[in-house]
Each structure stands twice: as C-alpha cells, then as structure tokens.
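A.B. asks: Quick one: the structure is below, and I'll ask about it shortly.
A short reminder: the numbers here are calculations on the coordinates, not readings from a lab. Just so you know, these numbers come straight off a predicted model, no measurement behind them. Counting neighbours? That spans all protein chains shown, and the Cβs are built from the backbone with ideal geometry, glycine included.
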Amino acid sequence: EEAETSEAEAIASLFRPKAELSAELTSKVIVETGNCMPLKMIPIGTKIHSIGLHPFGRGQLARSAGASAQLLYTAPTGLAQIKLMSGEVRRIPVDACATIGQVSNPHHKHETLGSAGARRRRGWRPTVRGTAMNTHDHPHGGGRGKSKGNKHPRSPWGKLAKGGKTRLKVNPLVVRGRPRR
C-alpha cells in the first residue's frame, strides 16, 4: 500500500508547476553520472554535458558524441562559469540544468563511412562544385571547358563568397573565446 502511495505521489509531482517541482527534486538529487541538476548543486571541477542556457531550458551545449564541459566556478551573483571542449569559457545562470558526465561514443569522429552510398543512407546529399553546373544553376557555371567566367567567387545565390566581413559579434556571456590558430 505504501509503494502504491509513493508511486502515485511521484506521478502527481510530474504535473505540478515547474518552480514547485524543481524545489522538490533538487533536495533529493544525488551527484552521480547521468543525473541532471542545476549548476549550483554540481561540485566545481565536475565534467558535465547537455547544458541549458536558461533556467528550465533544454540542453544546448556539449551534446555531440564524446562531448563534455567542466564547471569552473559558481558565483553568488547567479552566474556559473564553464569551460567547453573548444577552450571557450562561458557564463551561464546557476539555475540552468546540466547532466553530470560525458556523452558516450567519443570515437565517433574516427569513423570512416567507406562509400558515397553510406553517406547517402545517412541523409547526406552530394556536394557539386559551382563550376560543374550550368549558367542558370550557379554564377560559376557555364562557359567552355573549365573557365570560371567571372572574377570573384560567389555563392549559388550570387553573394560574394570571399572577402566579406569577418568580425565576430561580441557576446557578453563569453568570458574567454576559443583559442585561434
């Protein structure tokens, strides 16, 4: 009878408002690989993944195969600092949630597909060069032989492909950007 009651309470807790639910859950969560909890409850130096950028937001950072980030600091001001695998250090609200541990399958990047057909079965379409197209398909298309026909490289929609503005917009939540080569 007690088991039925506790199960019913657990199901009922799923339908309560988020603020009430989070206060209930955070008092009972154990720091263990695979558990999801707010950054303020995770010990400093822990590897984390699937990090939300806002309180109650879905995971947006460190989600691909083998990815992880490290919690560096939780400030009383309400922002935590994490270090991503790229080397970027970023501020995130301490109420945002993250999952403890690293995403599985870290060797995924070493996989070779072996054939064009394997890529097609995964939904990848072939990459066709602009010079191999006709004039009405691409600005580089047409002409006789391998001539480009115009001076400046362009996108399929006619915009300049090289030499455009490259200055990055400043994000106030990024403490230190990823190192450049």
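A.B. asks: May I ask you to list the chymotrypsin sites (Phe, Trp or Tyr not before Pro) in segment 34-125 that are in a DSSP loop and have at most 16 other Cβ atoms within 10 Å of their Cβ?
C.D. replies: Passing sites in segment 34-125 are Phe56, Trp124.
A.B. asks: Relative contact order for segment 114-163: what is it in percent, counting Cα pairs under 8 Å that are at least 6 residues apart?
C.D. replies: RCO, segment 114-163: 22 percent.
A.B. asks: Another one. As a footprinting exposure proxy, order Asp137, Asp95 by other Cβ within 10 Å, with the fewest listed first.
C.D. replies: Lowest count first: Asp137, Asp95.
A.B. asks: Ser64 versus Thr77, label points 7 Å from Cα toward the beta carbon: distance in nm?
C.D. replies: With each label placed 7 Å out from Cα toward Cβ, I get 3.1 nm.
A.B. asks: I'd like the FRET efficiency for Leu168 and Ala132, computed as 1/(1 + (r/R0)^6) with the beta carbon distance as r and R0 of 30 Å, rounded to 0.05. Walk me through the numbers on the way to the answer.
C.D. replies: Working: r = 33 Å, r/R0 = 1.09.
After rounding, the FRET efficiency stands at 0.35.
A.B. asks: Sticking with this structure for a sec: In 10 Å bins starting at 0, how do the alpha-carbon pair distances of segment 87-181 split up by percent?
C.D. replies: Pairs per bin, as whole percents: 11, 20, 22, 30, 14, 3, 0.
A.B. asks: Got a sec? How would Thr127, Thr46, Thr74, Thr33 order by Cβ neighbour count within 10 Å, fewest to most?
C.D. replies: Ranked by crowding around the Cβ, least crowded first: Thr127, Thr33, Thr46, Thr74.
A.B. asks: Go through segment 86-102 residue by residue and turn each phi into a ³J(HN,Hα) via Karplus (6.51, -1.76, 1.60, θ = phi - 60°); whole Hz please, and just put x for glycine and proline.
C.D. replies: 6, x, 6, 9, 9, 8, 9, x, 5, 7, 6, 9, 8, 9, 7, x, 10
A.B. asks: Evaluate the Debye formula for segment 129-181 with equal point scatterers sitting on the alpha carbons, no solvent, and hand back log10 of I(q)/I(0) at q = 0.19, 0.26 Å⁻¹, in q order, two decimals.
C.D. replies: With no solvent term, the Cα-only Debye profile gives -0.68, -0.99.
A.B. asks: Against the empirical 2.2 N^0.38 Å scaling, what ratio does the C-alpha Rg of segment 31-111 come to? Numbers along the way, then the final one.
C.D. replies: Details: Rg = 11.9 Å, N = 81, 2.2 N^0.38 = 11.7 Å.
Ratio of Rg to 2.2 N^0.38 Å for segment 31-111: 1.02.
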